[in-house]
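Heads up, the thing below is written out as structure tokens.
Laboratory data are not the source of any read-out in this text; all were calculated from the coordinates shown. Quick caveat: nothing in here was measured; it's all calculated off a predicted structure. Note that each Cβ is placed from the backbone with ideal geometry, even for glycine, and that neighbours are counted across all protein chains shown.
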Amino acid sequence: MNHKLKLLTSIFMTFLKMGPLTFGGGYALIPAIEKEVVDKKGWLRNEEIADVFAVSGSVPGAVAVNSATFIGYRIAGIPGAIAALLGIFLPTFCLMLLLTVFYVQLKDNPKVEAAFTAIRATVVALIAYAAIKIGRTAIVDFATGALAAIASLLLYLGHLHPLLVIVFGATAGVALVKIREHGGRTPTAGTSKLQEKEPIYDYMI
Amino acid sequence: MLIQLFLTFFLVGLVSFGGGYAMIPLIQEEVLNRHHWMSSAQLSDIVAVAGMSPGPIATNIAVAVGYQQSGWIGAVVASIAVVLPSLILILAVGKVFARLQDHVLMKSSFYGIRPVVAGMIVFAAIMFAQNAGMFARLSWFTWSQIGIFAGSLCALFFLHKHPLSVIILSGLIGIAIYG
């Protein structure tokens, strides 16, 4: 019992220390996690950690949070997963809460209002930048380019619910690959290209 | 209220493919159009605050929206809701998922989901630009907003500046010209 509690505390502390590092984007955390978990603590082996990152990138959610959860689970089951999740999440949660409290208190101050008037334009730039980054890995041929355009039109003119747009994307992807199979092209023509580019998405954060 | 917060952010967590910014259209749909929890300007400010803090954008937005609606308990509920789907998925299907990843059906759906997510982010950018008054009748204010947008994008894209420093600089410029 005592040993188990010690292990859970250790998992919690390890990820607590790493929480603030998520500033650099989720994928910036990967080398840091690897060093702590594999080299320093010896909790997992190298090939196990590669598996962890593969799953964390494909399950919805932020890759840093997912990796922490999965590693915690591998080491100590469900309590381990929760300890790791709390560890990685708590620092950023507290900081965000603090910033929100400040924002709510100060938002009616004329200077703060002026600052946010400019920042609203910067937010557009942040979102546009995220679009460029994901677009470069997602748009690999004409069909994917058309899908991206159709998706924004469906949202803008069709006022379609974003969830339906995601379902549409998945269906269209499956259909496109099937059509290509019939056309005699290799079934994974577009997807193999995707595979190589996979690891760069730090926009996951 | 807490139940609605929970359901909204559980949904956001469940389909959070492609990063937090991709979830903005969904958050917008639920928070603005469906529940009318805040104005579009407020949501834009929350996205800015979320971008300033470390941590995933989607969870940061959950904390801020939750706090605005129901105080700190709302922040706790919304953040639990947003990470719960990934937690459940990892615990339940983590191993299976890794193997499924190479399945052709999985690959081909993601082949379609990724560009659609890119399109969703483009849509989010257009909506926020509209709300910031960038498409309004050309005036001094419109030009200043377009200028700040272009400057910020260059700083991010060409100079590889961190979002935090871009947001802070933009805020200072705002105090100088709008203050």
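Springs join every pair of Cα atoms under 10 Å in this Gaussian network model of chain B, and among B:118, B:150, B:22 the largest mean-square fluctuation is at B:150. The phi-based Karplus calculation (6.51 cos²θ - 1.76 cosθ + 1.60; θ = phi - 60°) puts the 3J(HN,Hα) values of the range A:78-85 at 4, x, x, 4, 5, 4, 5, 4 Hz, whole numbers, x for Gly and Pro.
Normalised radius of gyration (Cα atoms, divided by 2.2 N^0.38 Å) for the range B:11-87: 0.98.
Computed over neighbours whose Cβ is under 11 Å from that of residue A:46, the net charge equals -4, Lys and Arg +1, Asp and Glu -1.
Ranked for footprinting exposure by Cβ neighbours inside 10 Å, fewest first, B:140, B:37 give B:140, B:37. Contact order for the range B:2-101, expressed relative to its length and based on alpha carbon pairs under 8 Å spaced 6+ residues apart, stands at 36 percent.
Taking label points 7 Å from Cα along the Cα-to-Cβ direction, residue A:17 and residue B:3 give a separation of 4.4 nm. Give the angle, between 0 and 90 degrees and rounded to the nearest 10, that separates the Cα long axis of helix B:57-100 from the longest principal axis of the Cα atoms of chain B. Approximately 40 degrees, to the nearest ten.
Could you work out which residue, out of B:139, B:79, B:39, moves most in a Gaussian network model of chain B, that is, has the largest mean-square fluctuation with Cα springs under 10 Å? It is B:139. Which of the pairs A:17/A:40; A:6/A:40; A:133/B:107; A:17/A:41; A:107/B:161 have their Cα atoms more than 22 Å apart in this structure? Violating the 22 Å Cα-Cα cut-off are A:107/B:161. Taking other residues whose beta carbon is less than 11 angstrom from the beta carbon of residue B:118, and scoring Lys, Arg as +1 and Asp, Glu as -1, yields +3.
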